[in-house]
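Read through the structure below, which is laid out as structure tokens, and then see the notes.
The values are calculated or read from the model by the stated rules, or taken from the named source; none is laboratory data. These numbers were taken from a predicted model, which means no experiment stands behind them. Using ideal geometry, Cβ is built from the backbone for each residue, glycine included, and neighbour counts are taken over all protein chains shown.
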Amino acid sequence: MNLSKGLLARSMVAVAVVACLAVQFVHPASANQRQQIIEKITSEAKTLDQNFPGFSADRGKALFLSRPATGKPDTPSCTSCHTSNPSNVGETRAGKEIAPMALSKSPERYGDLEKIEKWFRRNCNSVLGRACTPVEQGDFLTFMFSQ
Amino acid sequence: MRPIPAFRLIVAMGYPWFVVGIETKPADIIMDYRLHSDPDRLAVEPPVKETLIWDLPLRLFHWSMVCVVTVAALTGFFAPVGWLDVHTVAGYALSSLLAFRLAWGFFGGHFSKFKTFPLSRDRVIKHLGQIIARKSPAHIGHNPTGALMIVVLLLGLIAVVLTGLVTLGGQEKLGPLAFITSYKIGHFSKELHEMAAFAVVGAIFIHLFGVFVETRVFKHRVIQAMVTGKKVTVGKFLIPKHRNGAPRGVILSLLVPAVLIAGGTVLANKTPAGWKLLEIPAVYASECGDCHSAYHPSLRSAGAWQAVMAGLPDHFGEDASLGQKTAGRISAFLQANSATTFDTKVARRVGRNDTKSLRMTDTPFWKKRHDEIDDAVFRMRGVGSKVNCNACHKDAMSGRFGDANIHVPTGDK
């Protein structure tokens, strides 16, 4: 009797854990994950500038819409592929669709720090010809989160 | 009129000698049929009767053949490559019809049997002489040159079907011969297929010309006979037994194409030679597939893939750098399944052709095959660029690039 009760309880826990994992998989990236990512970039920014006041969506927007043309010739700006409206579907140079950058349009975005770092590494180099600063990264994300 | 020697020599040279000997029945049966086609004599000499000469299976065969050959010729000579599936279906239908006709030539109606064909060389030469002298008698079954024409047409169409199947197997990796046919054999066979097809078209025109001469010059109602099956005959009439070959002959003759279709279906389901279904690793699909379609590894050589992977920080104008571990896994997959491990058209003509730029769009074959496509098509929404293979090649992900799976989008730009 005792044994079966324990078994029941344990299997219920197991089901609950599996369910949580499953939800994690299909669920859009959580606000919590985004917060953690912002916090990490904030701490990076603060190591460079102790008085760093915080990220700005407006600066992020300006960066997104700017045309630095200091990177590779085929990608003078973010908008070359993402279009000038973050809510639009973009297109890679190879013709593949890019899901909108705006969080409201692509809630599955911005949950994976590794992925965010990969694309900043690649695309900042392609567009700017250099790595993005933590401030630029944070501004950019803050702008996209607001869209 | 006896043919002059030179004319006789020309006929003799063009005569397919291997058909000599098919005819076993002497001329006497033919002599007993007095065929009437002169309307004036019809009026004055009645007991005329209509006799069934071309039975229903033969007539169905003939007119089905007309339809199927028309479709096959139109799709083969004129249609864009994307019509290959229709062309192939016509080819399969053609092979079934031919199989039926060959069987019907042994088990079928009297006048359809090959052994009743008046095919001897002397008979053909005599008939040609009669045609030139404009004194050609009506024949109850096939006339000698008509019979020879049928042999030529059947042999020509068999050649077309066989070379077509080899081409389909080698170039497209489709059909009953795909499991055994290399790309090179298929490519060579395509030349033969085209030659045979032109020869058959020529033979069809000669056939039609013969029918024209029969109906217009000699007033033999051969077209009507092929529709109703009947010819008007007078006089004593020898009707051989089992004239219509039914029902045993029909069953036997349908059995041959049925067996062929069944066997062909089994063979067509075997894995083609030089092509295999690849399991695309998730890391390749996501890392490379984020920006462009995850190209089939057979599209580039192992050396070219190595160069591509080494140059990721400047990947055709963009930084596509990857972590070392991820890059290593992707590289291993690409090397193991590069163009030399496939024998498809695209692996042979594009994949194994290294270009300095590493681009597949710089290979001569790619350029040749896409030169008629307007630049605007490549800029269309849903296409976007020349390297978005999937936009038109619906089977690009499998590395097959079959002609039948090409669907160039039209629509607004």
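Once segment A:119-142 is narrowed to residues that are surrounded by fewer than 18 Cβ atoms within 10 Å (Cβ to Cβ) and out of contact with any helix residue (DSSP H, G or I) (no Cβ under 6 Å at 6 or more places or on another chain), the residue that is farthest from the other protein chains (Cβ to nearest Cβ) is A:Thr133.
Going by the conditions given, is A:Asp58 more than 14 Å from chain B (Cβ to nearest Cβ) and among the charged types (D, E, K, R)? For A:Asp58, the condition - more than 14 Å from chain B (Cβ to nearest Cβ) and among the charged types (D, E, K, R) - is met. For first residues located in segment B:377-390 and more than 7 Å from every other protein chain (Cβ to nearest Cβ), partners that are among the basic types (Lys, Arg) and surrounded by fewer than 16 Cβ atoms within 10 Å (Cβ to Cβ) and lie 6+ apart or on another chain with Cβ distances below 7 Å form the pairs B:Arg379/B:Lys413; B:Met380/B:Lys413. Answer yes or no as to whether B:Ser298 is touching a helix residue (DSSP H, G or I) at 6+ places or on another chain (Cβ under 9 Å), modelled with pLDDT of 95 or more and either within 10 Å of chain A (Cβ to nearest Cβ) or closer than 22 Å to B:Ser385 by Cβ (or both). Considered against the rule, which asks whether it is touching a helix residue (DSSP H, G or I) at 6+ places or on another chain (Cβ under 9 Å), modelled with pLDDT of 95 or more and either within 10 Å of chain A (Cβ to nearest Cβ) or closer than 22 Å to B:Ser385 by Cβ (or both), B:Ser298 comes out as yes.
Look through B:Gly105, B:Gly82, B:Gly91 and report the one residue that is in contact with a strand residue (DSSP E or B) (Cβ under 6 Å, 6 or more places away or on another chain) and outside any strand (DSSP E or B).
Details: B:Gly105 fails: in contact with a strand residue (DSSP E or B) (Cβ under 6 Å, 6 or more places away or on another chain); B:Gly91 fails: in contact with a strand residue (DSSP E or B) (Cβ under 6 Å, 6 or more places away or on another chain).
When all the criteria are applied, what remains is B:Gly82.
Residue-wise test of (1) over 15 Å from B:Lys184 (Cα atoms); (2) in the same structural domain as B:Ile180 (by TED's automatic domain parsing); (3) modelled with pLDDT of 95 or more.
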position: B:Phe342; (1), (2), (3): no, no, yes
position: B:Lys356; (1), (2), (3): yes, no, no
position: B:Trp366; (1), (2), (3): yes, no, yes
position: B:Ala376; (1), (2), (3): yes, no, no
position: B:Arg379; (1), (2), (3): yes, no, no
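Within segment A:36-76, being closer than 16 Å to A:Gln147 by Cα and either polar (S, T, N, Q) or in contact with a strand residue (DSSP E or B) (Cβ under 8 Å, 6 or more places away or on another chain) (or both) holds for one residue alone: A:Ser56.
A residue that is assigned by TED's automatic domain parsing to the domain that holds B:Gly170, assigned to a helix (DSSP H, G or I), more than 18 Å from B:His220 (Cβ to Cβ) and among the hydrophobic types (A, V, I, L, M, F, W, C) can be found somewhere in segment B:114-133.
Does B:Glu194 count as of a type in the set (D, E, K, R), assigned to a helix (DSSP H, G or I), in the same structural domain as B:Gly105 (by TED's automatic domain parsing) and over 30 Å from B:Arg400 (Cα atoms)? For B:Glu194, the condition - of a type in the set (D, E, K, R), assigned to a helix (DSSP H, G or I), in the same structural domain as B:Gly105 (by TED's automatic domain parsing) and over 30 Å from B:Arg400 (Cα atoms) - is not met. Checked against the criteria, B:Thr340 counts as touching a helix residue (DSSP H, G or I) at 6+ places or on another chain (Cβ under 8 Å) and not in a loop (DSSP other than H, G, I, E, B). The residues on offer are B:Val166, B:Val160, and the sole one that is β-branched (Val, Ile, Thr) and under 24 Å from B:Leu58 (Cα atoms) is B:Val160. Of the residues making up segment B:148-199, those that are touching a residue at least 60 places away in the same chain (Cβ under 8 Å) and among the hydroxyl-bearing types (Ser, Thr, Tyr) are B:Thr181, B:Ser182, B:Tyr183.
One residue stands out among those in segment A:79-92 that are part of a loop (DSSP other than H, G, I, E, B) and within 13 Å of chain B (Cβ to nearest Cβ): the one that is nearest to B:Gly317 (Cα to Cα), which is A:Thr92.
Scanning segment B:349-363 finds one or more residues that are outside any loop (DSSP other than H, G, I, E, B), within 14 Å of chain A (Cβ to nearest Cβ) and either surrounded by 13 or more Cβ atoms within 10 Å (Cβ to Cβ) or in contact (Cβ under 8 Å) with a residue 40 or more places away in the chain (or both). When B:Gly311 is tested against (1) within 15 Å of B:Met360 (Cα to Cα); (2) small (Gly, Ala, Ser); (3) within 14 Å of another protein chain (Cβ to nearest Cβ), exactly one condition is not met: (1). Looking at segment A:96-118, which of the residues that are within 13 Å of chain B (Cβ to nearest Cβ) and not in a loop (DSSP other than H, G, I, E, B) is surrounded by the most Cβ atoms within 10 Å (Cβ to Cβ)? Only one residue fits best here, namely A:Lys118.
Would you be able to tell me the number of residues in segment B:146-189 that are in a helix (DSSP H, G or I) and not aliphatic (A, V, I, L, M)? Before you say what the answer is, go through the steps one by one.
Pass one, segment B:146-189, residues in a helix (DSSP H, G or I): B:146-171, B:183-189.
If we keep only those that are not aliphatic (A, V, I, L, M) as well, we get B:146, B:156, B:163-164, B:167, B:169-171, B:183-184, B:186-189.
Going through segment B:146-189 one residue at a time, the tally reaches 14.
Of all the numbered requirements in (1) small (Gly, Ala, Ser); (2) closer than 24 Å to B:Asn405 by Cβ; (3) part of a loop (DSSP other than H, G, I, E, B), B:Ser298 misses one, and that requirement is (3).
Kindly establish whether B:Lys386 is modelled with pLDDT of 90 or more, part of a loop (DSSP other than H, G, I, E, B) and either out of contact with any Gly (no Cβ under 9 Å at 6 or more places or on another chain) or not hydrophobic (A, V, I, L, M, F, W, C) (or both). Outline the logic, then answer.
On the way: modelled with pLDDT of 90 or more: yes; part of a loop (DSSP other than H, G, I, E, B): yes; either out of contact with any Gly (no Cβ under 9 Å at 6 or more places or on another chain) or not hydrophobic (A, V, I, L, M, F, W, C) (or both): yes.
Against the criterion (modelled with pLDDT of 90 or more, part of a loop (DSSP other than H, G, I, E, B) and either out of contact with any Gly (no Cβ under 9 Å at 6 or more places or on another chain) or not hydrophobic (A, V, I, L, M, F, W, C) (or both)), B:Lys386 qualifies.
For B:Leu255, the criteria (1) in contact (Cβ under 8 Å) with a residue 60 or more places away in the chain; (2) under 30 Å from B:Ile180 (Cβ atoms); (3) more than 26 Å from the chain's Cα centre (by Cα) hold in every case but one, which is (3).
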